[in-house]
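The values are calculated or read from the model by the stated rules, or taken from the named source; none is laboratory data. Everything quoted here is computed from the prediction, not taken from an experiment. Here the Cβ positions follow ideal geometry from the backbone for every residue, glycine too, while neighbour counts run over all protein chains shown. These area figures cover heavy atoms from the full protein model, side chains too; ligands, DNA and RNA do not enter into them. Shrake-Rupley method; radii C 1.70, N 1.55, O 1.52, S 1.80 Å.
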Amino acid sequence: MKVLVTGSNGFIGRYICDALTAAGHYVCGIGSSAAGRTGLAAYYSADISSQSMTEQAADELGQVDAVVHCAAHISYDDTDSRLMAVNVVGTQNIVSLAKRCGARKLVYCSGIPVIGVPAILPVAEDHPLSPTTMYHVSKLAGEYIMAASGIPNAILRIPAPVGLGMNRSSILPVLIRQCLENKPIQLYGTGSRVQNYLSVQDIARAARICAESDAEGCFHLAGDSLSNIALAQRCIALTHSSSEITFSGDPDPADRYVWEISGERAAQVLGFVPQTRIDETIMLLANSMESGRKTG
């Protein structure tokens, strides 16, 4: 099967390309960088928000069986015009490209926070939608574009993705670094915010399953839900750290949020159940950091 992956240089996109390639598929990538990562059958540098991209890329790609759309402009500045240009217009352009290339399946990477504030637990696919940032408004608009595309499609709503290569400023890598250095861990608010973490390898597997199957509709991918304080305690225990947990005294606006996700539909329809638990990811990141410290 020939699969096009947009955002193939990104954190999630790289893992999806690897999962599809390992399964024997011919994988092409589209990214904004001039050069693509190694291991792809083909790579195209393009700005997906440009209308001219569709015709040019279609001529170069030829027939494509499936498109996995990961590319996104990530910004929490609500005045950032690139949010709508890339995430809305760009998604519309990718749908047009998929049609020109004769794609029979679309897979769209969205995010659980398109629901807004979690009000009904566990958070299932029928949860009311009220995104609180323009970024998530743009991702929800992308969902609607996919649903109206006329091409069979699967929408994956993803919680916090974790794994090697993730943003070093995210809470999990920060906690692990503090633990390895035996430094105090400072949390905002009461540390009671419950977040959901899912291995990027599991996300890639879910995307591969969707690309290969006839499954359609929206799917919530569920990982491990932990409060910030529980995550800190887990990191301390697993790294045998002497770090102590402290509190900054500054409020956490999301202290009351509980991100407990229902993965029931994904399990029933896709047969998707996470294979990598949070403890494994913590140790994977910790060992990588330790190795880097020794060779650095």
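Observations on the model:
- Residue within region 264-281 that is open to solvent by 80 Å² or more (accessible area, probe 1.4 Å), modelled with pLDDT under 95, under 23 Å from residue 114 (Cβ atoms) and not in a strand (DSSP E or B) present: no
- Count of region 247-296 residues which are more than 22 Å from residue 173 (Cβ to Cβ) and charged (D, E, K, R): 4
- Scanning region 236-263 for residues that are part of a helix (DSSP H, G or I) and surrounded by 14 or more Cβ atoms within 10 Å (Cβ to Cβ) yields 236, 238, 239.
- Under the condition of being closer than 23 Å to residue 51 by Cβ and open to solvent by 50 Å² or more (accessible area, probe 1.4 Å), the residues counted in region 97-136 number 3.
- Failed condition for residue 9, given (1) open to solvent by 50 Å² or more (accessible area, probe 1.4 Å); (2) over 17 Å from residue 106 (Cα atoms): (1)
- Among the candidates 40, 20, the residue that is in contact with a strand residue (DSSP E or B) (Cβ under 7 Å, 6 or more places away or on another chain) and under 12 Å from residue 207 (Cα atoms) is uniquely 20.
- Region 81-102 residues that are of a type outside the set (A, V, I, L, M) and in a loop (DSSP other than H, G, I, E, B), paired with ones that are at pLDDT 95 or above and open to solvent by less than 10 Å² (accessible area, probe 1.4 Å) (beta carbon under 8 Å, 6 or more apart): 101/4; 101/64; 101/67; 102/64
- Pairs with Cβ under 9 Å, 6+ apart, first in region 233-262 and on the phi > 0 side of the Ramachandran plot, second open to solvent by 40 Å² or more (accessible area, probe 1.4 Å) and of a type outside the set (S, T, N, Q): 249/188
- Positions within region 225-235 being part of a strand (DSSP E or B) and open to solvent by less than 30 Å² (accessible area, probe 1.4 Å), in sequence order: 226, 227
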